[in-house]
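The values are calculated or read from the model by the stated rules, or taken from the named source; none is laboratory data. The shown structure was predicted, so the numbers you read here are calculated from the model rather than taken from an experiment. Because the Cβ atoms are built from the backbone with ideal geometry, glycine has one as well, and the counts that use them run over all protein chains shown.
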Amino acid sequence: MTMLEYERKFKELMIFVPYLIDTEEHKAKRFVRGLRAEIRRAIEIPELPTYGVVLRKGQRSLS
């Protein structure tokens, strides 16, 4: 699955589990967990920032 496909699927599914993504940090962590290993390794940092930052880092790692 491409990053764009994953992002779309993530957005579709997160409406069903709002209690798991109740903060930007939780949303970022959940998003990172589902990324392909090579993308996850490129963006993981000790303290995950917001979902938007994770998304941008993931997209840059594919460039």
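Worth pointing out:
- Some residue of the stretch 29-45 being touching a Pro at 6+ places or on another chain (Cβ under 7 Å) and not β-branched (Val, Ile, Thr): no
- Pair list, Cβ < 9 Å and 6+ apart or interchain, from the stretch 17-41 residues that are basic (Lys, Arg) and modelled with pLDDT under 85 to residues that are surrounded by 10 or more Cβ atoms within 10 Å (Cβ to Cβ) and assigned to a helix (DSSP H, G or I): Arg40/Val32; Arg40/Gly58; Arg41/Ser61
- Cβ separations smaller than 7 Å between residues 6+ apart or across chains give the following pairs from the stretch 51-63 residues that are free of Cβ contacts under 8 Å to residues at least 40 places away in the same chain to residues that are outside any helix (DSSP H, G or I): Val54/Leu48.
Here's the yes/no breakdown for (1) among the aliphatic types (A, V, I, L, M); (2) in contact with a Phe, Trp or Tyr (Cβ under 9 Å, 6 or more places away or on another chain):
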{"position": "Tyr6", "(1), (2)": "no, yes"}
{"position": "Phe10", "(1), (2)": "no, yes"}
{"position": "Lys27", "(1), (2)": "no, yes"}
{"position": "Arg33", "(1), (2)": "no, no"}
{"position": "Arg36", "(1), (2)": "no, yes"}
{"position": "Ala42", "(1), (2)": "yes, no"}
{"position": "Gly52", "(1), (2)": "no, no"}
